Amino acid sequence: MSIEYIEVRNKNREVIGIIDDFISIIWHKMYYSVGDFEIYAQATKNHIDLLKEANYITRPNDDMIGIIEKLKITTSAQDGDVIVASGRFAKSILDRRLICKYNKDNYTNQPTVMRGNVEENIRKAVKDNAISCSFNHNRDIPILALGSLSNLSKIIVDESGNATERQVSYQNLLSYTDEMLQEYEYGAKILLNDDSKLLEYKVYSGEDRSIENKVGNSPVIFSQDYDNLVQGDYENDTSAEKNVALTGGEGEGLERFYSIPTYDDTRGGLSRRELFVDASSLSSVLSATDLQYLFPTGRFVGVYFIVGTRRYAEIVVDSTSQYSLETLKEKFPNGETDGVYFDVDGLTYAILVYGEEDKYTLTQLGYKAMLDVEGTVGNYKLYNLVYSSMLDGAGRQQLSLLNITTVYKGTINVTFGNWVLNRDYFLGDLITIQDNKLGLYMNARITEVTEVQDENGYTIDAVYE
């Protein structure tokens, strides 16, 4: 399938012209990343007028939309004046945002908590940071929307396969979401809705077309026996392996909180490979809303947050606030003084400040009661064991990137054989690789597709790994 022409669109995503007399086009799509393109054309007035930075590029029979980010004009005796327009596909706009959750009341950042379904968490991160930001609408990208749900089932788990949660702050939105999706073998892309002209973010998963697939897809096999396996490289590397994480949390110097997990006592001696993970962005103090989201089965009882029968956190008192006796009696009509104490129904809600005649500081119980009376919620501090467990999760996430690396990657011939790319299999799909020379048989994923149209004709290559 050749590239006959490209469509150039303006900032409103409306077609303003086509280019069918280009010198060459490189169209490089990636499953786990963004992908990019390059357009080479004679530097005519028409081409210069069309190929401008921030204009969009689309193609018939392809769902990617590119954004021109770089222009270059070169001159040579052989080729004359040539304009080169290059850029990345539309998902690159997420690179312009960070993941953050700002608290306007006390000028602090709250961590974004991710737990449960992977697709839903990724979509929420994109929505909260690039589509509908609750604290600053200047962060919204008006042309961006969420596409349809793919209803993917995987949930966030630790290395043992148990459900876990993650906190993230100030990470790049594109990098973090792409890395997390790759961990669960999902991809994402931004597509153009040609009716609304909006760019729609969609998480998706390649189909399983391996010989072992259980969904009934016809297997797609690449082998030297079929003359459709161009190149294969096998590598097994243990040099970067780490299997135990010492994770540093909040705090500085000698006061910093650390966690060393003991989840596998067999990792000792030479088999133990330690890694330090900086998780200082993970806070042990959470809002009531985030705490409930992080532990949905938990409940608030008095000044505590309890999961099952175990206390996970307790309310944090704002010790800087002081109240007069008049204010306390106004808030708690049943209250009465008892020496330096202000009691309500026999419970101490406040204590007189030493050396002051009419200034009281609230006890933990009084502070919670004051919040209840005023209709507000406070922050809660996780107990050390709970916070340590959260740090362990962050450590395990980093360890997952440093396991023994077994890589079998290469290039397949997509134009020869019984199976045709974009008809029988697609970018992101699982296929089967059979290499009789190496004695290897494995399933691999199509992670990159590169199309080139130039004076030599049309070529297409696919990379698996």
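The values are calculated or read from the model by the stated rules, or taken from the named source; none is laboratory data. For clarity, every value in this text was computed on a predicted model and none was experimentally measured. A quick note on method: Cβ atoms are made from the backbone with ideal geometry, for glycine too, and the neighbour counts reach across all protein chains shown. SASA here: full protein model, heavy atoms, side chains in, ligands and nucleic acids out. Shrake-Rupley method; radii C 1.70, N 1.55, O 1.52, S 1.80 Å.
Structure notes:
- In segment 33-65, residue least open to solvent (accessible area, probe 1.4 Å) [restricted to those that are of a type in the set (Ser, Thr, Tyr) and in contact with a helix residue (DSSP H, G or I) (Cβ under 8 Å, 6 or more places away or on another chain)]: TYR56
- Checking MET64 against (1) part of a loop (DSSP other than H, G, I, E, B); (2) more than 34 Å from the chain's Cα centre (by Cα), the condition it does not meet: (2)
- Pair list, Cβ < 6 Å and 6+ apart or interchain, from segment 19-31 residues that are closer than 11 Å to VAL84 by Cβ to residues that are at pLDDT 95 or above and small (Gly, Ala, Ser): PHE22/ALA41; ILE23/ALA41
- Selected residue (only one of LEU173, LEU181, LEU198 is modelled with pLDDT of 90 or more, under 26 Å from the mean Cα position of the chain (by Cα) and over 22 Å from THR447 (Cα atoms)): LEU198
- Among the residues of segment 168-184, the one identified as open to solvent by 40 Å² or more (accessible area, probe 1.4 Å), closer than 17 Å to VAL277 by Cα and of a type in the set (S, T, N, Q) is GLN171.
- Segment 101-146, residues that are in contact with a strand residue (DSSP E or B) (Cβ under 6 Å, 6 or more places away or on another chain) and in a loop (DSSP other than H, G, I, E, B): LYS101, GLN110, PRO111, GLY116, PHE135, ILE143
- Matching entry among ASN117, ASN55, ASN129, ASN121 (being over 25 Å from the mean Cα position of the chain (by Cα) and modelled with pLDDT of 95 or more): ASN55
- Taking the criterion of being polar (S, T, N, Q) and surrounded by fewer than 15 Cβ atoms within 10 Å (Cβ to Cβ), the residues of segment 151-167 that qualify are ASN151, SER153, SER160, ASN162.
- Pairs, first open to solvent by 30 Å² or more (accessible area, probe 1.4 Å) in segment 362-388, second in a helix (DSSP H, G or I), C-beta under 7 Å, six or more apart: VAL373/LYS331; VAL377/ALA288; VAL377/LEU371
- Among the candidates ASP21, ASP79, residue that is more than 22 Å from GLY187 (Cα to Cα), at pLDDT below 95 and either touching a helix residue (DSSP H, G or I) at 6+ places or on another chain (Cβ under 8 Å) or of a type in the set (D, E, K, R) (or both): ASP79
- Residues being of a type in the set (S, T, N, Q) and within 30 Å of ASN12 (Cα to Cα) - total across segment 152-208: 7
- Residue count for segment 287-328 satisfying the condition of being charged (D, E, K, R) and in a loop (DSSP other than H, G, I, E, B): 1.
- The set of residues in segment 297-325 that are farther than 30 Å from VAL244 by Cβ and not hydrophobic (A, V, I, L, M, F, W, C) comprises ARG299, GLY302, TYR304, THR309, GLU314, ASP318, SER319, THR320, SER321, GLN322, TYR323, SER324.
- Count of segment 61-99 residues which are without any contact (Cβ under 8 Å) to a residue 40 or more places away in the chain and on the phi > 0 side of the Ramachandran plot: 1
- Residue match in segment 277-284 (condition: under 29 Å from ASN117 (Cα atoms), acidic (Asp, Glu) and exposed (fewer than 13 other Cβ atoms within 10 Å of the Cβ)): yes
- Failed item, numbered, when ASN61 is tested on (1) among the polar types (S, T, N, Q); (2) more than 21 Å from GLY147 (Cβ to Cβ); (3) modelled with pLDDT under 95: (2)
- Restricting segment 422-454 to residues that are open to solvent by 20 Å² or more (accessible area, probe 1.4 Å) and among the hydrophobic types (A, V, I, L, M, F, W, C) leaves a set whose member that is nearest to the chain's Cα centre (by Cα) is LEU427.
- Neighbours by Cβ (under 8 Å, 6+ apart or cross-chain): first from segment 146-175, on the phi > 0 side of the Ramachandran plot; second at pLDDT 95 or above and not charged (D, E, K, R): TYR170/LEU98; TYR170/ILE99
- Evaluation of ASP227 against (1) at pLDDT 90 or above; (2) open to solvent by 40 Å² or more (accessible area, probe 1.4 Å) (one fails), failing number: (1)
- Candidates GLY457, GLY410 - the one that is surrounded by fewer than 20 Cβ atoms within 10 Å (Cβ to Cβ), among the small types (Gly, Ala, Ser) and at pLDDT 90 or above: GLY457
- Condition check for ARG445: in a loop (DSSP other than H, G, I, E, B) and either closer than 16 Å to ILE3 by Cα or basic (Lys, Arg) (or both): no
- Matching residues in segment 310-360 - criterion: being within 43 Å of the chain's Cα centre (by Cα), of a type in the set (Ser, Thr, Tyr) and farther than 25 Å from ARG299 by Cα: THR320, SER321
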